[in-house]
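First the structure, in the form of structure tokens, and then the observations on it.
The values are calculated or read from the model by the stated rules, or taken from the named source; none is laboratory data. Being a predicted model, the structure only gives us computed values, none of them experimental. Please note: Cβ atoms are built from the backbone with ideal geometry, for glycine as well, and neighbour counts cover all protein chains shown. Heavy atoms of the whole protein, side chains included, go into the accessibility calculation; ligands, DNA and RNA do not. Shrake-Rupley method; radii C 1.70, N 1.55, O 1.52, S 1.80 Å.
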Amino acid sequence: MVNKIFIYFLLFLLLPPLLSSCSLDEDPRDQIAEEEIYTSAQNLYKNAVATLFNYIGGTEEGQGLQGTCRGVYDLQTFGSDEAILPTRGSDWYDGELWQDMYRHSWGAGLELSKNAWVYLYKVIALCNHSIEQLDAHKELLTAEQLKEYKAEVRALRAIYYWYLMDIFGRVPIIYSSKIVVSQVKQSERSELLSYIYNELMEVIDDLPLGSSANRGDNYGRITRSVANFVLAKLTLNAEVYADDDWTDGVRPDGSEIIFQVGQDKYNAWEATAYFCTEIEDEGFKLATDYYDNFVVYNESSPENIWVIPMDKDLYKTQQQNLYRSYHYRHAAAYGFTGENGSCATINTLKVFGYDTEDEDIRFTMNYWADDLEDFDGHTILDRKGNPLVYYPWEVELDLSYSPYIETAGARMKKYEIDRNATKEGKLMDNDIVLFRYADVLLMRAEAYLRNGEPEKGQEDFKAVRSRAYMAERPLTMENIYDERLLELCWEGWRRQDMIRFGRYESLFEGDIFDDKVDESDGHTTVFPIPADALALNSHLVQNKGY
């Protein structure tokens, strides 16, 4: 009889059998016999550490950091000014779900936030259990192995707490499966910031060096560069994360928020630059061609730092974002299925200079627009037999009565088409990019700018634009804000960027469904604690404004 591990957390989920999961470096059809589990250092690593990395991507809605729908990625993307899922007649209404995301009119019953809460805490629960298993079987390990294995798990757990803090603000810290979770209280956001930062700093020297994005021993793992990247994000957003009342209009000053690094003390911006330089010193660099980061078999990219490994023959992890953006006939021309949904907002078109003499070259790398052709150069036809054309400027929240109901909006083109993709195009061999070096350069440039040293950041800013063959611009707050959309669109950063720059509010104007939400108090910069979680733990307190 196969043992099942029951782990209870905030929603009392019954997790799937932990021990039947495969690690990233083995064929999922191979399973270790139960009597061999936890009998050697190798098996302990595979079953208590490597198996955790299977959860970074997902196969079902709400699971994974990216690649699936209705979870973490959608919260970060469709509440921002970057992308929209417009209503197209009977398609994409979903009980006003996507309209609520665009209008910022969500409540505690928001499906996306509930999915994210459940998923993130599930992985944290798995991490807690793994740490306990490593301790319980430490006689199989050397002292160095125990330290290194626990470092990876603790780092992964800290990263998932970062996502929770970023999305929900105040959440409980659960570091043991023995904790009675129904009694756990939330930590203030500033406490979470300290906890996550200290966890990563305590383990970072025990994490493996090298790229996590290239095939090899570290493929898909938590490496030192992954931890440094998250530390850079923590410190760059320190004014947000150190603010325990985001509804009072006052934030702490990043130049006065101090982080300890070894024997040195840095303000938030200095710390960001430090962690970015640590990544640079590991040898990461910009890919010669921007699109090399997203091609089929992109494991050779010198720029990608952390990815979700994709291999349609080995893993079940899916990439659904292209699938749900393509028009039905557009996808069919490649032998796939499309859901004719997500597209760029008018704001994004303007930032890219679409349809002007100043159009950024990265627009055509990231978006399908205008006329479409198949692999052989033949014009793709719509469902009436006419040439299929996307009309980017015609997008609006409700297209139900528009002549552009099926064709409005520029569609996602972030990843090269894998001609051999399976499962309707969702199983592909392009690894999903989570962290990359271009973001490191933009973070460091912004940190220098915020610290009053724009001349130090200009070279980093120039490097990113030059790689895209775009003219140099002065490093200003407006320009770095726009550049992050130009360079990182569809990568799940826009909501976080908008909040940091104090610009997070809905673009909605008009009288569709209801009035514009009053966001002047900033309450929508965090999502509501899910109603189900509140019902199961009386100690949880809803975020202000909900």
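If we keep just the residues of the stretch 219-248 that are in a loop (DSSP other than H, G, I, E, B) and of a type in the set (D, E, K, R), which is farthest from Cys127 (Cα to Cα)? Only one residue tops the list, namely Asp248. The set of residues in the stretch 147-159 that are more than 15 Å from Tyr195 (Cβ to Cβ), crowded, with 19+ Cβ neighbours inside 10 Å and not small (Gly, Ala, Ser) comprises Tyr149, Lys150, Glu152, Val153.
Screening Tyr197 on (1) more than 30 Å from Trp106 (Cβ to Cβ); (2) in a helix (DSSP H, G or I); (3) touching a helix residue (DSSP H, G or I) at 6+ places or on another chain (Cβ under 9 Å) shows it passes everything except condition (1). Filtering the stretch 423-451 to residues that are hydrophobic (A, V, I, L, M, F, W, C), part of a helix (DSSP H, G or I) and under 20 Å from Ile305 (Cβ atoms) leaves Ala438, Val440, Leu441, Leu442, Met443, Ala445, Ala447.
The condition (being assigned to a helix (DSSP H, G or I) and modelled with pLDDT under 95) is satisfied by just one residue among Ser182, Ser177: Ser182. Scanning the stretch 80-104 for residues that are open to solvent by less than 30 Å² (accessible area, probe 1.4 Å), over 20 Å from Glu394 (Cα atoms) and either part of a loop (DSSP other than H, G, I, E, B) or in contact (Cβ under 8 Å) with a residue 60 or more places away in the chain (or both) yields a single hit, His104.
Looking at the stretch 455-540, the helices (runs of 4 or more DSSP H) lying wholly inside it that each contain 2 or more residues that are open to solvent by 20 Å² or more (accessible area, probe 1.4 Å) sit at 477-488, 531-536.
Okay, residues lined up against (1) under 30 Å from Thr524 (Cα atoms); (2) open to solvent by less than 30 Å² (accessible area, probe 1.4 Å); (3) in contact (Cβ under 8 Å) with a residue 40 or more places away in the chain:
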| residue | (1), (2), (3) |
| --- | --- |
| Gly210 | no, yes, yes |
| Ala213 | no, yes, yes |
| Arg221 | no, no, yes |
| Arg224 | no, no, yes |
| Asn228 | yes, yes, yes |
| Lys233 | yes, yes, yes |
| Leu236 | yes, yes, yes |
| Val240 | yes, yes, yes |
| Asp245 | yes, no, yes |
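Inclusion of Thr364 among residues that are open to solvent by 20 Å² or more (accessible area, probe 1.4 Å) and either farther than 17 Å from Arg484 by Cα or among the small types (Gly, Ala, Ser) (or both) is not warranted. Any residue in the stretch 528-546 that is farther than 22 Å from Val118 by Cα, touching a Leu at 6+ places or on another chain (Cβ under 8 Å) and at pLDDT 95 or above? The answer is no, given that none of the residues of the stretch 528-546 is farther than 22 Å from Val118 by Cα, touching a Leu at 6+ places or on another chain (Cβ under 8 Å) and at pLDDT 95 or above. Of all the listed residues (Leu65, Leu97, Leu85), the sole one being in contact with a strand residue (DSSP E or B) (Cβ under 7 Å, 6 or more places away or on another chain) and modelled with pLDDT of 95 or more is Leu65. Figure legend. Inter-residue proximity from the stretch 145-169: first residues touching a residue at least 24 places away in the same chain (Cβ under 8 Å) and under 28 Å from Gly79 (Cα atoms), second residues open to solvent by 10 Å² or more (accessible area, probe 1.4 Å) and of a type in the set (Asp, Glu), beta-carbon distance below 7 Å, spacing 6+ or different chains. Indicated pairs: Ala158/Glu199.
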